[in-house]
Amino acid sequence: MISIANAPWEVGFLSHLRPTSSPTSEYLARSRLEKMWDIVVVGSMMMDLVSTVERLPKVGETIHGISFEHNYGGKGANQCVAAASLGATTAMVGLVGEDSYGKKYLRHLRELEIGEGSTSGIDLEQVFQTSKAMTGIASIWVDGQGNNSIIITAGANSDLKVSDLKGADHLLKKAKMIVCQLEIPIETTLEVLRRAKEYGCRSIFNPAPAVKDLPAEFLSYSDILCANETEAELLCGFPVDTDDACQRALAFLLERGPNTAIITLGERGAVFATKDSPKTQFVTVDQVKVVDTTGAGDAFVGALAHFLVADPEGEGKLREAVRKACKYASLTVQFPGSQKSFPAIENMMADFFD
């Protein structure tokens, strides 16, 4: 694998910096010792191949598309970009291929404008390229109502092994929050959660894409579990489609390990509960005109991580973090794409989260 840390740009903590001269090993060593990251995301990076259609096709049917474009996605990178866009200092741990998509993706992240004068950014030191697999691909269909169907081919994401975490240990030990999902090998995600617990770091586990019969250790190692209704149903073994079912699901999940359980409900907002305060709390969201829901769940997770790190104490702070994450996600669905629909904090109304 090739580390992009050796390429001719400053590794670093301001992702909007343009390529410059190579950093010295002394600079990197000093940065590693002194730097503490708000959020470290270990997860997937995907090129999104997006077709816009009037309606989704039936089985065996061929239909005309309205438009097609390449976007940058993958749950891990989406969540990282969302958190950075809101002002968090973030680091990404991931793997792409040495193909044209992988090169484009790295260039995109290096050149990403988080915001003029921003002190946030994405550290790419532990993002690697591999010649053994293609960059992950997500084939996405988006209909006229903003609904989508997605098929992912994990590619290089499937090669992110537990052994690859060795170089990222300094990131995990110094993170205020660690975020992970299930678009990389489950044993790698489980090891990340285990280390977070060992290092005393808060973690958010987003069990997506949904996996049936997920090992129980995932819940026992998770600090904060954040699932949508479909994912919660697979974890719990019963439909999560009513308020009563949400309450049952939260109780079920909390009994199995996490300190906090959150279920996102799309346009209806979210529900959550904690071990210390097990009564279910509902958070609603204003209705908006939906253009594209792709990446909305990732926007929620990234925003949640940011707001919990920015203001971490107390149950009231958790409710505020969930409320603000709902608002941020509802903003992103009004625009097409995933990462490109995530606005930077500098470009938002000052009172948007009030």
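Only the coordinates and a few stated rules stand behind these numbers; no lab work does. Predicted, not measured: the structure shown is a model, and the values here were computed from it. Cβ atoms come from the backbone with ideal geometry, glycine included; neighbour counts cover every protein chain shown.
Here is how the numbers come out for the structure above:
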item: Rel. contact order, % - alpha carbon contacts under 8 angstrom, at least six apart, the stretch 128-189; result: 30
item: The stretch 80-225 shape via C-alpha gyration tensor axes, a/c threshold 1.5; result: rounded
item: Estimated distance in nm for a label pair at Lys104 and Asp354, the labels positioned 7 Å out from Cα along Cα-to-Cβ; result: 4.2
item: Of all DSSP beta bridges in the chain, antiparallel share, percent nearest 5; result: 40
item: Per-pair calculated FRET efficiency, R0 = 45 Å: Phe335 and Arg194 via Cβ, rounded to 0.05; result: 0.75
item: Label-to-label distance, nm, for residues given as His170 and Ala310 (7 Å Cα→Cβ offset); result: 2.9
item: Subset of Lys275/Lys340; Lys75/Lys174; Lys35/Lys197 violating a 31 Å alpha-carbon distance limit; result: Lys275/Lys340
item: Ordering of 319-326, 161-168, 251-258 by packing [mean C-beta count within 10 Å, highest first]; result: 319-326, 251-258, 161-168
item: The chain shape via C-alpha gyration tensor axes, a/c threshold 1.5; result: rounded
item: Global geometry of the stretch 258-319, whether rounded, prolate or oblate, following the gyration tensor of its Cα atoms and the 1.5 cut on a/c; result: prolate
item: Additional length obtainable on full extension of the chain from Ser158 to Glu69, 0.36 nm per residue less Cα span; result: 29.6 nm
item: Theoretical gain in end-to-end length, Glu267 to Lys279 [0.36 nm per residue, Cα-Cα removed]; result: 2.1 nm
item: By average C-beta atoms within 10 angstrom, highest first, the peptides 132-138, 241-247; result: 132-138, 241-247
item: For peptides 232-240, 345-353, sequence by mean Cβ density within 10 Å, most packed first; result: 232-240, 345-353
item: Chain lengthening between Val290 and Glu255 when straightened (0.36 nm per residue, less Cα-Cα); result: 9.1 nm
item: Listed residues Thr293, Thr264, Thr153, most fluctuating in the chain (Gaussian network, C-alpha, under 10 Å); result: Thr153
item: The chain, relative contact order [Cα under 8 Å, separation at least 6], %; result: 18
item: The chain, helix-only ellipticity at 222 nm - DSSP H runs n ≥ 4, -39,500 (n - 2.57), divided by all residues, nearest 500; result: -9500 deg cm²/dmol
item: Label-to-label distance, nm, for residues given as Thr230 and Arg248 (7 Å Cα→Cβ offset); result: 2.2
